[in-house]
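Engineer: Structure provided below as structure tokens; questions to follow.
Just so it is clear, none of the values below were taken in a lab; they were calculated from the coordinates. A quick note: this is a predicted structure, and the numbers were derived from the prediction, not measured. Positions of Cβ are generated from backbone atoms using ideal geometry, with glycine treated the same way; all protein chains shown enter the neighbour counts.
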Amino acid sequence: MKDTNKIEARRVQVHYGQNHALRDVDVDILDKTVTAFIGPSGCGKSTFLRCLNRMNDTIPTCRVQGLITMDGEDIYDARVDPVQLRARVGMVFQKPNPFPKSIYDNVAYGPKIHGLARNKAELDEMVELAIRKAALWNEVKDRMQAPGTSLSGGQQQRLCIARAIATSPEVLLMDEPCSALDPIATAQIEELIDDLRAQFCVVIVTHSMQQAARVSQRTAFFHLGSLVEYGETGQIFTNPRDPRTESYITGRIG
Amino acid sequence: MSGSLLIQDARTQKRHAAERRFRTYGLLAISLAMAALLWLLLSIFSQGMPAFRQTFLTFPVTLDAAVLDQEANRNPAEMAKITTIFYGKHLARALADEITALGIATGTMTAKDIGAMISEQSAADLRDRVLADPGLIGTTISFTALANGRIDGYYKGRVSMASAAKDKNTSPAKLALADKLRAAGVLTIDFNLGFLTRPDASDKRPEAAGLGIAVVGSLYMMLVVLVLALPIAVGTAVYLEEFAPRNRWSDLIEVNISNLAAVPSIVYGILGLALFINFGGLPRSAPIVGGLVLVLLTLPRIIIPTRAALKAVPPSIRDAALAIGASRLQTVTHHVLPLAMPGILTGTIIGLAQALGESAPLLLIGMVAFVRDFPAAPPAGLFDPAAALPVQIYNWTQRGDPGFVERASGAIIVLLVFLLVMNAVAIYLRRKYERRW
């Protein structure tokens, strides 16, 4: 399955009111791969990520133009229900945002609203599997009824990952998932991302170039609302073609 | 230019002085407010507490069959022909007999004078009791009558021997006799349950006036407000906050809701009169109309805090739910509303408390009427005439007999207790569901 395009974007434009935030983005995102979006603040990388599960729909002034397909289907087609799309494209946010409910309920929420489990036993199994995949099981298995907000920051973020993968999405979007975490928690999450690659198509937005180099196979560099360069991570970091990419990764801009 | 740190320069001293002045003003303002509050509570409690005590006369009454049931067939329809005035005379005789039996000298007082010591209301009470239970006829019962308002006032400090001498409703001889009766145990001063359970009474009988119908009416109206205002207000707030598009129309609606919260309440009374009574054909003085007017009044006052509570829920929670694939309605009902609940409940209870204390709009829809019959149980009772606590207070302060001043202050205490309980519930709920994110 490697090297098949999961998501294809063609000439994507995003406007926030009068502000042209993203122009002419063309990207092919591979399945079972970690793709990193890097670039300075305000370059549009998070905006593009939020186009992929249509979270931009919740912002009234936001307009998305161009074509984004997943498995060949236009996700902005009028017949597409964003709710259904988001069940297949999970998302993890910058700041851990567990629901103020128990750990169990946090993870069980997705399967519950999508009717994925036929009974309690099946639901329990799904919750356990998701938490295991998020490498959190050993830490929380004895206190599943404790509130999710009682966990540490790194644990909360892994809980959010567990919550996102509990619905068995095909794509997992991560918007700077480690920026609010300490180095140890970051290392744990990065390790986790590498494991998740076996099952999901992972797209991660990050500020840290080291992180992009460590976890991703493909990297896209955004600058001032445009996609500057996209290719193999190794190539981007060792042999960038565009002078702007080179300036950024050597620390001259950004 | 650097002096010693140990010496404050003129600029620093000035700043400190300004701060001290500000603190003094603050303390002064708070002291004034506390003093005013204390004064208010003191005056209300000193005037109102006596309303919870009442002077009673307890003596045996023989319910003579030959007098009270002349047809001797225990037919309530026949017995009802015997009037309250007759019962009043009967009571007066019974009390006079008891006084003679106790060997208390009455001087020149006639049986009529002695009868005037009993509240006119008691004769009606006795008649009601006999008509409700004809089996009592022929027996001797121990009857507890209300003492006349002047006698009651004598023991509460409103009436003195000197003032009684000038009062055509009582006399020093009656007060002296009352003292003797008290020593003999016939006259007692007890907790006045009737103040909370009896209906209002006419101008001449302050001793019999109670809050019963006003309390029931106020509770019925609160029921209407809770059942109608809470769901409508929360629905409106959720729609405006979570679903409505942000445009000129939603801005206009928002501004108008804020303005409605500031509209004088009497205006709502006129609206209610025109809308519910003249146009809708609903009965006057009915808790349903009062409740509906208070619903109109309360709606903006619940919508505004509810919107604030919804706004206070962090957007990250909404993002999280939406990103998992919850629909917008699911996001609201599963996550946003539960988190906003403490704020919503607090706003609702404060809104209810304000509605409970509202009198002006109720005056306009006729809730100031003199009502003697308790309304039926809801929902039918919502259409029966009733009073309301704040209107009852207003009503009693308009009456001539000083006994009603005491009743009005007592009613204020009852109203304050209701408000205090509601605010306590609001605080409890807020603490219990303290924000958890």
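Engineer: Partner chain Cβ atoms within 10 Å, averaged over the residues of B:312-322 - can you pull that number for me?
Structural biologist: Taking all residues of B:312-322 together, the mean is 5.
Engineer: Relative contact order of region B:22-167, please, whole-number percent, based on alpha carbon pairs below 8 angstrom and at least 6 residues apart.
Structural biologist: With pairs under 8 Å counted, the relative contact order is 33 percent.
Engineer: Something else now. State the percent of C-alpha pairs, over all pairs in chain B, separated by a distance greater than 36 angstrom. Please report the intermediate quantities before stating the final value.
Structural biologist: Working: 46575 of 95266 pairs.
I get 49 percent for the Cα pairs in chain B exceeding 36 Å.
Engineer: Just check region A:10-111 against the gyration tensor rule for me: Cα atoms, a ≥ b ≥ c as the square roots of the eigenvalues, rounded for a/c under 1.5, and otherwise prolate or oblate depending on whether a/b exceeds b/c.
Structural biologist: prolate
Engineer: Using the structure shown, select from A:95/A:120; B:89/B:156; B:89/B:174; A:6/A:32; A:45/A:95 the pairs with a Cα to Cα distance greater than 19 angstrom.
Structural biologist: On the way: A:95/A:120 30 Å; B:89/B:156 27 Å; B:89/B:174 17 Å; A:6/A:32 9 Å; A:45/A:95 17 Å.
Exceeds cut-off: A:95/A:120; B:89/B:156.
Engineer: Hey, if you put +1 on the Cβ of every Lys and Arg and -1 on every Asp and Glu Cβ in the protein assembly as shown, which of A:83, B:330, A:180 ends up farthest toward the positive end of that dipole?
Structural biologist: A:180
Engineer: Taking only C-alpha pairs under 8 Å that are 6+ residues apart, what is the relative contact order of region B:219-292 in percent?
Structural biologist: Relative contact order here is 59 percent.
Engineer: Also, quick follow-up: Averaged over its residues, how many other protein chain Cβ atoms are within 10 Å of peptide A:84-95's Cβ atoms?
Structural biologist: Numbers: counts 1, 1, 7, 3, 1, 2, 3, 6, 2, 4, 1, 3.
Taking all residues of A:84-95 together, the mean is 3.
Engineer: Something else: Provide the three semi-axes, in whole Å and in decreasing order, of the ellipsoid equivalent to region B:373-415 as defined by the square roots of 5 times the Cα gyration tensor eigenvalues.
Structural biologist: Taking √(5λ) for each eigenvalue gives 25, 11, 8 Å, largest first.
Engineer: Tell me, what is the Rg over Rh of region A:1-68, with Rh the Kirkwood radius over Cα pairs?
Structural biologist: 0.98
Engineer: Taking the square root of 5 times each eigenvalue of the Cα gyration tensor, what semi-axes in Å does the equivalent ellipsoid of chain A have, largest first?
Structural biologist: Semi-axes from the Cα gyration tensor: 30, 21, 16 Å.
Engineer: Another one. Please express the shape of region B:10-104 as an equivalent ellipsoid: the semi-axes are the square roots of 5 times the eigenvalues of the C-alpha gyration tensor, given largest first in whole angstrom.
Structural biologist: Output for region B:10-104: semi-axes of 71, 17, 7 Å.
Engineer: A follow-up question, please. What list do you get for A:41, B:119 if you sort them by fewest beta carbons within 10 Å?
Structural biologist: Values: A:41 8, B:119 28.
By the 10 Å Cβ count, ascending, the order reads A:41, B:119.
Engineer: Let me understand the protein assembly as shown better: what is its radius of gyration from the alpha carbons, and its Dmax, in angstrom?
Structural biologist: Every Cα atom of the protein assembly as shown included, Rg and Dmax give 39.0, 126 Å.
Engineer: What percentages make up the Cα-Cα pair-distance distribution of region B:245-344 when the bins are 10 Å wide from 0?
Structural biologist: Pair shares across the bins are 14, 29, 29, 19, 8, 1.
Engineer: While we're looking at this one, here's another question. Can you tell me what the convex hull of the Cα atoms of region A:91-173 projects to on average, as an area in nm²?
Structural biologist: 5.0 nm²
Engineer: Can you give me the C-alpha center-to-center distance between region A:176-190 and region B:27-93, rounded to a whole angstrom?
Structural biologist: Value for the Cα centre distance between the two parts: 76 Å.
Engineer: Select from B:83, B:269, B:237 the residue farthest towards the positive end of the dipole of chain B; place +1 on Cβ of Lys and Arg, -1 on Cβ of Asp and Glu, and compute about the Cα centre.
Structural biologist: Checked the options; the winner is B:237.
Engineer: Another question about this same structure. Can you show me the helix-derived [θ] at 222 nm for the protein assembly as shown, built from DSSP H runs with n ≥ 4 at -39,500 (n - 2.57) apiece and divided by the number of residues, rounded to the nearest 500.
Structural biologist: -16000 deg cm²/dmol
Engineer: Under a Cβ-only charge scheme (Lys and Arg +1, Asp and Glu -1), can you give me the dipole magnitude of region A:98-254 about the Cα centre, in debye to the nearest 20? Working shown, then result.
Structural biologist: Working: 16 positive and 19 negative charges, 48 e Å.
So the dipole magnitude of region A:98-254 works out to roughly 240 debye.
Engineer: Translational diffusion coefficient of region A:162-254 at 10 °C, 1.306 mPa s, Stokes-Einstein with Kirkwood Rh over Cα pairs, in µm²/s as a whole number.
Structural biologist: 112 µm²/s
Engineer: Let me ask something additional. Ratio of alpha-carbon Rg to the 2.2 N^0.38 Å globular estimate for region B:329-415, to two decimals, please. Show your work: numbers first, answer last.
Structural biologist: Details: Rg = 18.5 Å, N = 87, 2.2 N^0.38 = 12.0 Å.
After normalising by residue count via 2.2 N^0.38 Å, the value is 1.54.
Engineer: Using the Cα centre of region A:1-65 as origin and beta-carbon charges of +1 (Lys, Arg) and -1 (Asp, Glu), tell me which of A:39, A:27, A:55 is placed farthest towards the positive end of the dipole.
Structural biologist: A:55
Engineer: Which translational diffusion coefficient, to the nearest whole µm²/s, is obtained for region B:350-395 from the Stokes-Einstein equation, given a Kirkwood hydrodynamic radius over C-alpha pairs, 25 °C and 0.890 mPa s?
Structural biologist: 217 µm²/s
Engineer: About its Cα centre, how strong a charge dipole does region A:71-134 have in debye, to the nearest 20, once Lys and Arg get +1 and Asp and Glu get -1 at the Cβ?
Structural biologist: Dipole about the Cα centre, nearest 20: 300 debye.
Engineer: Could I ask something else about it? What does the charge count near residue A:196 come to, summing +1 for each Lys or Arg and -1 for each Asp or Glu among other residues with Cβ under 13 Å from its Cβ?
Structural biologist: The answer is -1.
Engineer: Starting from the coordinates of the alpha-carbon atoms of region B:68-156, obtain the Kirkwood hydrodynamic radius over all distinct pairs and give the value in Å to one decimal.
Structural biologist: 14.1 Å
Engineer: Dipole magnitude of region B:117-164 about its Cα centre, charges +1 at Lys/Arg Cβ and -1 at Asp/Glu Cβ only, in debye to the nearest 20? Don't jump to the answer; show the numbers that get you there.
Structural biologist: Details: 5 positive and 5 negative charges, 46 e Å.
The calculation lands at about 220 debye.
Engineer: Right, here's the next one. How big is region B:189-310 on each of its three principal axes, counting only the C-alpha atoms and giving the largest first in Å?
Structural biologist: Principal-axis extents of region B:189-310 (Cα, largest first): 65, 33, 21 Å.
Engineer: Counting partner chain Cβ atoms within 10 Å of every residue's Cβ in B:324-334, what's the average?
Structural biologist: Values: counts 19, 18, 8, 5, 3, 0, 3, 3, 0, 0, 6.
Across B:324-334, the average partner-chain Cβ count within 10 Å equals 6.
Engineer: Could you state the number of Å between the C-alpha centres of region A:112-155 and region B:337-374?
Structural biologist: 45 Å
Engineer: Okay, moving on. With a cut-off of 8 Å between alpha carbons and a minimum separation of six or more residues, what is the relative contact order of region A:120-191 in percent?
Structural biologist: Worked out over region A:120-191, it gives 33 percent.
Engineer: Moving on to the next point. Using the Cβ atoms and a cut-off under 15 Å, what net charge is assigned to the surroundings of residue A:62, where Lys and Arg are +1 and Asp and Glu are -1?
Structural biologist: On the way: positive: A:23, A:50, A:54, A:63, B:246; negative: A:57, B:319.
Cβ neighbours under 15 Å give a net charge of +3.
Engineer: Kindly put A:8, B:78 in sequence by how many other C-beta atoms sit within 10 Å of each C-beta, fewest to most.
Structural biologist: Lowest count first: B:78, A:8.
Engineer: Starting with the highest mean, order B:357-363, B:145-151, B:14-20 by the number of other Cβ atoms within 10 Å, averaged over the residues of each peptide. Each step should come with its number before you reach the end.
Structural biologist: On the way: B:357-363: 20.9, B:145-151: 25.7, B:14-20: 10.4.
In decreasing order of mean packing, B:357-363, B:145-151, B:14-20 become B:145-151, B:357-363, B:14-20.
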